[in-house]
Every structure is written in structure tokens, then in C-alpha cells.
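Engineer: First, the structure itself, so that you have it in front of you.
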Amino acid sequence: MKVLKIIIMILAISVALYEQVSPEKNIYITVIAIAVFMFGMMQLSAKTPSKNQEKEENDVD
């Protein structure tokens with residue numbers, strides 16, 4: 001599932017970059033592609049623990 005999300009994110013950012021280089025820029029496609037990329041980054045980074053997680057756990061005790 002993680003690999004699928006990464007592939008979708010790469011495709012989305014590729015579409016966004018392609019739209020920026022094309023002579024007829026479609027802002028809606030660019031915005032949607034960037035939104036998909038940001039949503040994917042949010043999903044992938046949700047599992048990453050915080051640097052302060054150990055400190056926060058000690059504060060609770």
C-alpha cells in the first residue's frame with residue numbers, strides 16, 4: 001500500500017510539473033495534482049514518530 005501511495009504521488013507531481021511547462025497551463029489540474037501530492041505526504045508522514053515523543057511520554061508519567 002505504501003508503494004502504491006508513493007507511485008501515485010510521483011505521478012501527481014509529474015503531472016503538476018508537466019502542466020507548468022506546457023504552453024496552455026491548466027490551473028485546475030495543477031491544483032488537483034498538488035493536493036493529491038500533499039494528501040499522500042500527509043498519509044505517509046502520519047506513521048513517523050515525533051522527535052519529542054519520548055519527552056511527551058515522560059511528562060504524562
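Read-outs: derived from the displayed coordinates by stated rules, not from any lab. Note that the structure is a prediction, hence the values are computed from the model and not measured. For neighbour counting, all protein chains shown are included, and Cβ atoms are generated from backbone atoms with ideal geometry for every residue, glycine included.
Engineer: Under 11 Å from the 7 Å Cα→Cβ point of residue 18, by amide nitrogen: which residues of the stretch 32-52?
Structural biologist: Answer for the stretch 32-52: none.
Engineer: While we're looking at this one, here's another question. Could you give me the ³J(HN,Hα) list for the stretch 5-17, computed from phi with Karplus coefficients 6.51, -1.76, 1.60 and θ = phi - 60°, whole Hz, x at Gly and Pro?
Structural biologist: 5, 5, 5, 4, 5, 5, 5, 5, 6, 5, 5, 5, 5
Engineer: Here's something else I'd like to know. Using 0.36 nm times the number of residues separating residue 2 and residue 34, minus their current alpha carbon distance, what extension gain do you get?
Structural biologist: Roughly 9.7 nm would be gained on extension.
Engineer: Also, quick follow-up: Could you run the Karplus curve 6.51 cos²θ - 1.76 cosθ + 1.60 with θ = phi - 60° over the stretch 33-43 and give me ³J(HN,Hα) per residue in whole Hz, x for Gly and Pro?
Structural biologist: 5, 5, 5, 5, 4, 5, 5, x, 5, 5, 5
Engineer: Principal axes first, then extents: for the Cα atoms of the chain, list largest minus smallest coordinate on each axis, whole Å, largest first.
Structural biologist: If we take the Cα atoms of the chain, the spans are 59, 22, 14 Å.
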